[in-house]
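Scroll down for the structure; my scribbles are underneath it.
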Amino acid sequence: MISKIRICFVLICLFISSSLLSVSVYSTETTNDNVVITFKLFRYLEENVEEDAEFWIECNINSEPYQSPLFDSSQNGKPINWTIYLDTAPNPAIFNLTIFLYKSVDDIDVLCDLSGNDSYETNSIQLTYYPEVGWWDGDDHLNDSSGYGRLNGCDDGSIYINENDAELYFSILQLDEDGDYIPEWIETNVFDTDPTIDDSLIDYDEDGIPTGWEWYFGYSPKTFDDHANLDPDNDSLSNIEEWLTWDYDSDPYRKDIFLEIDCMDESPSGESSIYPEESLEMLHYPFHRRNYVVHVNRSEIIPYDEKTDINELLNYYDSYFLNGNPTNWRRGVFHYGIYVYETTPKGYAFSGDVDPHWGYHPGTNGFVISSSRMERNARWFTETLEYYYASATMHELGHNFGFRLGDPFGCDAQLGKYPWQIMYYVYGNYVSIMNYRYTYKVFDYSDGSHGFLDHDDWGELDLSYFEYQ
């Protein structure tokens with residue numbers, strides 16, 4: 001059911017944009033706050049970004065241009081936090097924004113693609129911000145499947161075409177009197193809350209989520225919503241769980257994937273199982289192009305163990321992931337990856353609380369990877385250590401999404417790994433990281449476009465498979 005507040009927002013937007021209605025009814029005379037626009041992070045989504053590339057953002061606001069500092073390629077995928085402060089005086093009813101992201105290499109400037117439109121001329125973003133309600137619409141809007149405050153150039157379907165696709169995260173907030181960022185007008189005229197009191201953490205309607213989150217995502221803080229069971233983006237995270245992970249920038253209308261990583265401490269002779277930062281960055285790309293946004297939490301360091309067996313993993317799972325609490329809410333939110341020095345097999349999916357513990361059973365939400373195997377791969381073969389870590393992680397996560405031995409056809413096929421095996425060719429069209437032939441050659445799941453016996457992994461990702469059954 002569409003909430004009353006969303007209906008109100010639509011009516012207000014129509015009211016503002018109509019030249020037949022008087023703007024004075026939609027008054028801004030009591031608004032004296034600053035609008036704060038923060039560009040948080042950008043990520044260039046093509047295969048490689050040139051080492052000497054520089055990026056910058058241009059933002060035109062009511063025809064006035066603003067330009068960010070230059071960001072070099074080392075800041076790709078890392079917080080940038082470029083902020084624009086706007087005084088609402090003389091209190092315009094709306095702010096019109098145009099956003100550009102540029103890349104420069106060898107003094108050649110290229111407009112990166114942030115838009116879901118399929119022509120170069122529309123690579124920029126057009127937004128309209130309404131100060132009274134604190135929301136915006138246009139090329140990004142409430143209920144956007146790529147995320148509210150997240151732009152994605154791959155939304156036009158150009159995932160495998162180099163169009164300088166990028167993603168850009170931003171927020172637009174107001175510095176109001178009570179510090180809850182909820183504009184005075186909507187508090188007074190719609191929510192019937194006190195604009196002089198910070199009520200962002202107050203749950204007026206007792207539906208499990210407080211005012212600040214409900215306002216931001218278009219729900220009414222005075223109307224009960226069944227947030228414990230609402231999952232509008234079908235990512236197997238209820239609105240309650242989306243609220244619990246809001247610090248990670250989760251979004252109830254965009255699919256989010258959470259991963260906790262625990263690593264093993266160094267051995268006395270210096271062997272390390274610490275997951276490389278570059279591998280974490282690589283993990284974002286295939287998912288983010290398709291609007292599955294990955295959030296990674298590095299948690300704890302496990303004491304060194306020369307070789308780790310399944311029983312030790314179960315103890316780690318209970319102690320380091322569940323923290324001894326089998327009802328820990330993180331169980332239904334986070335996947336769990338452990339990186340140990342040595343284990344057999346060298347990587348596999350498991351669960352600590354669903355029988356059987358070892359294998360492909362529904363409820364499998366964890367995996368373990370041997371760092372010594374990753375190091376051997378980097379010594380023997382052509383890719384980097386970071387690439388092998390990232391590839392093994394994406395493969396094992398695939399089992400958490402429901403891909404199992406032989407389902408799809410070619411998944412985890414031991415008899416199809418090498419060119420001298422006949423199944424190597426039988427499974428050849430299944431161009432997926434889940435196929436052992438491609439695990440360290442293709443950093444992607446298959447989209448089913450490669451012909452006979454291929455499989456659309458992306459179309460059948462089961463985000464609920466890891467849940468406790």
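All of the numbers you see were taken from the coordinates with simple rules; none came from a lab. The structure displayed is predicted, hence computed values, not measured ones. Neighbour counts are summed over all protein chains in view; Cβ atoms, including those assigned to glycine, are modelled from backbone coordinates with ideal geometry.
Considering only W185, I61, V368, and ranking their Cα positions along the charge dipole of the chain that arises from unit charges at the beta-carbon of Lys, Arg, Asp and Glu, the one farthest toward the positive end is V368. With R₀ fixed at 56 Å, the C-beta to C-beta distance from I197 to E50 puts the FRET efficiency at about 0.65.
Against the set (i) 22.5; (ii) 25.1; (iii) 23.9, the structure's computed mean projected area of the Cα convex hull in nm² falls on (ii).
Where both residues lie in the chain, what percent of DSSP beta bridges are antiparallel, nearest 5?
Of all bridge pairs located within the chain, approximately 70 percent are antiparallel.
Round to the nearest 0.05 the FRET efficiency obtained for Y468 and L415 when R0 = 25 Å and r is the Cβ-Cβ distance. My answer for the efficiency is 0.15. Taking the Cα centre of the stretch 34-175 as origin and assigning +1 to Lys and Arg Cβ atoms and -1 to Asp and Glu Cβ atoms, the resulting dipole is close to 740 debye. Angle of helix 385-400 to the longest C-alpha principal axis of the chain, folded into 0 to 90 degrees and rounded to 10: 80°.
The stretch 167-228 and the stretch 340-358 have Cα centres lying 43 Å from one another. The angle between the Cα long axis of helix 277-288 and the longest principal axis of the Cα atoms of the chain comes to about 70 degrees, rounded to the nearest 10. Computed from Cα positions, the angle between helix 371-380 and the longest principal axis of the chain comes to roughly 80 degrees. Here the residues M423, M394, ranked from fewest to most Cβ neighbours within 10 Å of their Cβ, fall in the order M423, M394. Evaluated with a Cβ-only charge set (Lys, Arg +1; Asp, Glu -1), the stretch 247-402 carries a dipole of roughly 640 debye about its Cα centre, given to the nearest 20. When only alpha carbons are used to place a centre, the stretch 136-166 and the stretch 278-327 end up 29 Å from one another.
Annotation: extensible slack from S104 through S267 equals 54.3 nm (criterion: 0.36 nm per residue apart, minus Cα-Cα distance).
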